[in-house]
1. If residue 216 satisfies every condition in (1) among the charged types (D, E, K, R); (2) within 24 Å of residue 105 (Cα to Cα); (3) in contact (Cβ under 8 Å) with a residue 40 or more places away in the chain; (4) surrounded by 19 or more Cβ atoms within 10 Å (Cβ to Cβ) but one, which is the exception?
2. How many residues, within region 140-180, are polar (S, T, N, Q) and either exposed (fewer than 15 other Cβ atoms within 10 Å of the Cβ) or in contact with a helix residue (DSSP H, G or I) (Cβ under 6 Å, 6 or more places away or on another chain) (or both)?
3. Within region 154-195, track down each residue that is touching a residue at least 60 places away in the same chain (Cβ under 8 Å) and either aromatic (Phe, Trp, Tyr) or at negative phi (or both).
4. So if I check each of 204, 145, 141, 197, which one is under 29 Å from residue 231 (Cβ atoms) and at pLDDT 90 or above?
5. So for region 158-168 (the condition being of a type outside the set (Phe, Trp, Tyr) and in contact with a Leu (Cβ under 9 Å, 6 or more places away or on another chain)), does at least one residue qualify?
6. Quick check on my filter: what residues within region 226-252 are out of contact with any strand residue (DSSP E or B) (no Cβ under 8 Å at 6 or more places or on another chain) and more than 28 Å from residue 157 (Cα to Cα)?
7. Is it the case that some residue within region 222-229 is at pLDDT 95 or above, on the phi > 0 side of the Ramachandran plot and surrounded by 13 or more Cβ atoms within 10 Å (Cβ to Cβ)?
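The values are calculated or read from the model by the stated rules, or taken from the named source; none is laboratory data. Only a predicted model underlies this, so the values are computations on that prediction, with no experimental measurement involved. With ideal geometry, Cβ positions are generated from the backbone for all residues, glycine too; neighbour counts draw on all protein chains shown.
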Amino acid sequence: MFSKVLVANRGEIAIRAFRAAYEVGARTVAVFPFEDRWSEHRLKADEAYEIGERGHPVRAYLDPEAIVAVAVRAGADAIYPGYGFLSENPALAEACANAGITFVGPTAEVLTLTGNKARAIAAAKAAGVPTLASVEPSTDVDALVESASGMPYPLFVKAVAGGGGRGMRRVDDEAHLREAVETCMREAEGAFGDPTVFIEQAVVDPRHIEVQILADAEGNVMHLFERDCSVQRRHQKVIEIAPAPNLDPELRERMCADAVRFAREIGYRNAGTVEFLLDTKAVADHRGAWGDEVP
């Protein structure tokens with residue numbers, strides 16, 4: 001068990017983590033930029049340290065080296081990232097490993113893999129999980145357009161890095177494909193520093209189903225069932241419903257099994273989510289047969 005945990009986050013996320021640490025007897029460390037000096041999370045920890053430059057509050061929470069330096073200074077033996085900020089950034093996990101501090105999350109290698117959509121799709125295929133038809137990622141516009149020739153529309157152009165709906169465009173006909181590729185590449189370059197994109201078959205009006213998983217460092221993986229996140233705005237979830245309503249029990253079982261198999265394939269550990277698109281039209285057309293499920 002950890003004796004002292006630094007929480008690399010702020011607000012309610014950090015406060016919940018402090019409470020959990022307190023309940024298991026661990027001391028807590030908060031970090032905060034100057035602008036958060038009166039934030040409640042700073043006052044709830046046993047120790048608190050200011051990080052970052054004044055005028056750049058968000059940047060402070062995105063600096064893995066500064067956060068690890070505070071952990072070393074405070075004698076923390078673990079860093080918990082919460083969600084958002086550096087929670088999916090392999091740089092913090094790697095910095096923790098280099099400093100001999102436990103990162104409460106997946107390894108840097110796994111975060112690097114899952115942070116790249118194309119590599120994650122390849123891993124899903126290797127695990128035997130259904131995936132959508134797609135073309136190889138590239139920064140060559142001509143090659144991408146050529147590779148997509150013959151694919152049925154609609155298609156999605158997606159950045160391999162990042163998320164949150166940025167660097168992603170739906171294309172309904174071939175005449176607009178090149179423009180969409182160029183736009184996504186520019187957006188991906190600006191948002192993530194990587195212009196690489198790929199093209200993938202689109203699922204029209206899908207259900208967005210997420211399966212929660214837990215995995216330890218010994219290869220044991222379990223699921224905690226699913227939630228429906230289909231209500232979205234600009235590709236961002238607005239409402240999550242658990243369990244997913246009107247989901248066929250056999251399909252639920254299959255999706256949960258796929259999530260566990262994928263997590264085992266990539267060596268995932270800690271808590272995580274495997275996300276699926278459920279083709280509701282395919283289910284309806286086959287009168288209850290399996291729909292396409294895609295991580």
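1. (4)
2. Kept after step one, since they are polar (S, T, N, Q), are these residues of region 140-180: 147, 149.
Filter once more, keeping what is either exposed (fewer than 15 other Cβ atoms within 10 Å of the Cβ) or in contact with a helix residue (DSSP H, G or I) (Cβ under 6 Å, 6 or more places away or on another chain) (or both): 149.
Adding up the residues that qualify gives 1.
3. 168, the sole residue that qualifies.
4. Working: 204 fails: at pLDDT 90 or above; 145 fails: under 29 Å from residue 231 (Cβ atoms); 141 fails: under 29 Å from residue 231 (Cβ atoms).
Only one candidate qualifies: 197.
5. no
6. 246, 248, 249, 250, listed by residue number.
7. So far as region 222-229 goes, yes, one or more of its residues are at pLDDT 95 or above, on the phi > 0 side of the Ramachandran plot and surrounded by 13 or more Cβ atoms within 10 Å (Cβ to Cβ).
Condition check ((1) crowded, with 18+ Cβ neighbours inside 10 Å; (2) out of contact with any Ser or Thr (no Cβ under 9 Å at 6 or more places or on another chain); (3) closer than 16 Å to residue 13 by Cα) across all residues:
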position	(1), (2), (3)
29	yes, yes, yes
34	no, yes, no
37	no, yes, no
40	no, yes, yes
55	no, yes, no
62	no, yes, yes
67	yes, yes, no
72	no, yes, no
